[in-house]
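What follows is one structure encoded as structure tokens, with my remarks underneath.
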Amino acid sequence: MTRAANRPVKGRTSRIEARPARANGQAIGLAIDTTFDDTSVALLRGRRELLANLTLSQIAEHAEFGGIVPERASRKHLEAIHPLLDRALAQAGIGWDGVDYVAVSNVPGLLGSILVGMTVAKTVAWTLQRPLIGINHIEAHPYANFLVHGELPFPLMHLVAAGGHTLLIHQRGHFDWSIVGRSVDDAAGECVDKVAKMFGHPFPGGPLVDRLALEHAPGPYAFPRPMLHDGLDFSFSGLKTALFYFLKQHEGRSVPEGPVVSAFFEAVLDVLVAKTLRAARRYGVKAITVSGGLAASRKLRARFDEKAREAGIALYAPPPQLCTDNAAMVACLGAYRYEAGRHDGMDLEGFANLPQ
Amino acid sequence: MTHALAIDTASDYLSLGVLRAGRPVANHYALCGTRIARTLLPQIEELLAGAGLEPRDLDVLVVNRGPGSFTGTRIGMSAALTLGRVLGKPVVGVDALSVLAAQADPAYPESFHVILNCARDEAYAAPFRWEHGRIRQLGEIRLTTLAGIATEAGEAPCLLRRFEPVFPGAEATVTGLTRVPLRYDQPDALRLLAVGIPLYLERSGGPFETPTPLYLKSEAFRTWRAAGEAVGGATGGATGGATGGAAGGTTGGAAP
């Protein structure tokens, strides 16, 4: 628990000075993301110049539970957010009055956690009398690509493989997009975490599964590719169940973990690649992006690189640290919205679920 | 003279109060439920504008830090702590039971118990008394069962909160308790200011400790687990024999 001394400022009425907003392209945005278990803040000048990007992971706080405990996550966000904001401002070398607008993820995720970040963001924006911009966390994930690669050629097909969602997003321009494929049960990332857990590994399982898949060939093992030839939606719970029964059948016998996990991940990748390329063909798109936590996988990136090249389609992926949840991507989408005048009111709401 | 904003979202009510030059000039108290996160900032904006104040005019923030609704308490704390941080002004945290106690008639000279029902069969209880126009907490906040309230209160009169109609039937289990005479009919943000502003004035110039939410109930759960006390299940553990554990495990925090 943070117990910083909280002294009144003597001799001044306020640290906030009235100041006209900076010109587009030079405006500094503060972005906050508390949608799941990471507390993230970022400061961005214009659309690309990251002044600070800090994320405090709560993984250790939840380790004993083998997953994320929502109430505990909300509490940790409130403890972490103010020290993190102080550090970000110090790193960027600006004060509160240097912030031109505030962007915050208000959908989707753990509602109790979202409400902490959203209330902090609203309060900063109102106190500074600056615009507030609500951000769809899922729409923001691909903006990690705009942040590092600059303008990308529309139309685009995005694969967003985040913890709670696996989505295919067809984007025709900024703020003009639709979800054309989604996970109907477990998301791919969720399935990977659960399979790692079956092998007795801690949450999150992604990094370990990626390493095993790189180090081992699948050998004789093969697992189902759910809905591989069927539309653009994803289903991974059947694959998880297949692993569960495989391990049950081999109970008491030694199972070569590396090859089995590698075979499992092959099935995940086959589905992700096939659906993304099918979506690109169906919508006549010449460029695809991958983002979300699972896109940090080296194996996934190598496979997409190879298959996109074969298909003659351009591929964009952000650096791994911008795949997992971060406020930099929120800041980047925030910058586009700010410049376009797409601001929100102080009555912004938080939502746990994506609109259907 | 002090300009202050009080924020209380620890219950189902959204409660805001504004002090302008030391005088209460605005008060908002309305049932809000789950709309608090959406409504809070627009309501603050309207109330402060109505009082002719800008955010930067505020000298101090006063916030109800619970115990109460976990999410509600966090929303109020998020706003108050952020305002304090951005403005560089102190934030004073006041416990929910002290706000309730400040409803009692200041002319009443004896000690009394504030009982805040927090679940079907559980309540927080703490003793208070008015002293020289200030509400003073005389003992730590204890988690007790409804059946245990009479024992907890002894002969002292009580101030009950969140019984009927929130928990139907709860009132019947505590009939026979005498009630403390009230001067104020609702625990609104002006009560919060009445407790918080004296704290601010007496600490003025010194360091202010940043308040933290008082979640209490699950803190008590954890203490019981750590102490190896019998906890039947995730939800059933707080009733029955748990009261004894709360005495050693939870404290009333920073009450005056």
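Springs between Cα atoms under 10 Å define the GNM used for chain A, and in it the highest mean-square fluctuation of A:297, A:178, A:105 occurs at A:178.
If each residue's Cβ is checked for other Cβ atoms within 10 Å, how do A:344, A:325, A:33, A:97 rank with the fewest at the top? Walk me through the intermediate numbers first.
Details: A:344 19, A:325 26, A:33 29, A:97 15.
In order of increasing Cβ crowding within 10 Å: A:97, A:344, A:325, A:33.
Each Lys and Arg contributes +1 and each Asp and Glu -1, all at the Cβ; summed about the Cα centre of the stretch A:86-177, the dipole is approximately 140 debye. Put the Cα centre of the stretch A:164-233 next to the Cα centre of the stretch A:289-356 and the gap is 16 Å.
Principal axis analysis of the Cα atoms in chain A yields extents of 75, 47, 33 Å, listed in decreasing size. Between residue A:347 and residue A:176, the modelled labels are 3.0 nm apart [label points 7 Å from Cα along Cα→Cβ]. Rounded to the nearest 20 debye, the dipole size of the stretch A:164-212 about its Cα centre is 60 debye, using +1 on the Cβ of Lys and Arg and -1 on the Cβ of Asp and Glu. Between residue B:30 and residue A:340, the FRET efficiency from the beta-carbon distance, with R0 = 30 Å, is close to 0.25.
Selection among A:29, A:108, A:41 by position relative to the dipole of chain A gives A:29 as farthest towards the positive end (Cβ unit charges, Cα centre).
What does the charge add up to near residue A:185, with Lys and Arg as +1, Asp and Glu as -1, over the other residues with Cβ less than 13 Å from its Cβ? Can you show the working numbers first?
Numbers: positive: A:182, A:194, A:240; negative: A:186, A:190, A:233.
Here the charged neighbours net out to 0.
Equivalent ellipsoid of the protein assembly as shown: semi-axes from √(5λ) of the C-alpha gyration tensor, largest first, are 48, 32, 18 Å.
Cross-link partners of residue A:307 among aspartates and glutamates, defined as those whose alpha carbon lies under 16 angstrom from its own and excluding same-chain residues fewer than eight positions apart: A:266, A:270. For the stretch B:80-94, the Karplus equation 6.51 cos²θ - 1.76 cosθ + 1.60, evaluated at θ = phi - 60°, returns couplings of 5, 5, 5, 4, x, 5, 5, 7, x, 10, x, 10, 9, x, 10 Hz by residue, with Gly and Pro reported as x.
Of all DSSP bridge pairs formed entirely within the protein assembly as shown, close to 65 percent run antiparallel. Here the contact order of the stretch A:153-322, divided by its residue count and restricted to Cα pairs under 8 Å and six or more residues apart, works out to 27 percent.
Taking amide H as placed 1.01 Å from N in the peptide plane, residue B:68 has no amide H partner under 5 Å among residues 5 or more places away or on another chain. Between the C-alpha center of the stretch B:201-215 and that of the stretch B:78-98 there is a gap of 8 Å.
What order do you get for A:265, A:244, A:146 when you list them from fewest to most C-beta neighbours inside 10 Å?
Details: A:265 26, A:244 13, A:146 23.
By the 10 Å Cβ count, ascending: A:244, A:146, A:265.
For the residues of A:123-130, the average number of beta carbons from a partner chain within 10 Å of their own beta carbon is 6. Of all complete DSSP H helices in chain A, those with a Cα span along the helix axis of 24 Å or greater and a mean Kyte-Doolittle hydropathy of 0.5 or more are A:111-128, A:257-282. Among A:330, A:184, A:261, sorting on how many other beta-carbon atoms sit within 10 Å of each Cβ, with the fewest leading, yields A:184, A:261, A:330. Here chain A is assigned +1 on the Cβ of each Lys and Arg and -1 on the Cβ of each Asp and Glu. Its dipole about the Cα centre then comes out at about 600 debye. Distant-in-sequence amide contacts of residue A:344, defined by a placed amide H-H separation under 5 Å and a gap of 5 or more residues or a different chain, comprise A:132, A:133, A:134. The alpha-carbon of residue B:89 sits under 19 angstrom from the alpha-carbons of these aspartates and glutamates, leaving out residues fewer than 8 places away in its chain: A:17, A:79, A:86, A:97, B:8, B:45, B:54, B:57, B:59, B:202, B:209.
Since every read-out is calculated from the coordinates, none of them should be taken as a lab result. Everything numeric in this text was worked out from a predicted model, so none of it was measured. Every residue, glycine as well, gets a Cβ built from its backbone with ideal geometry; the counts of neighbours run over all protein chains shown.
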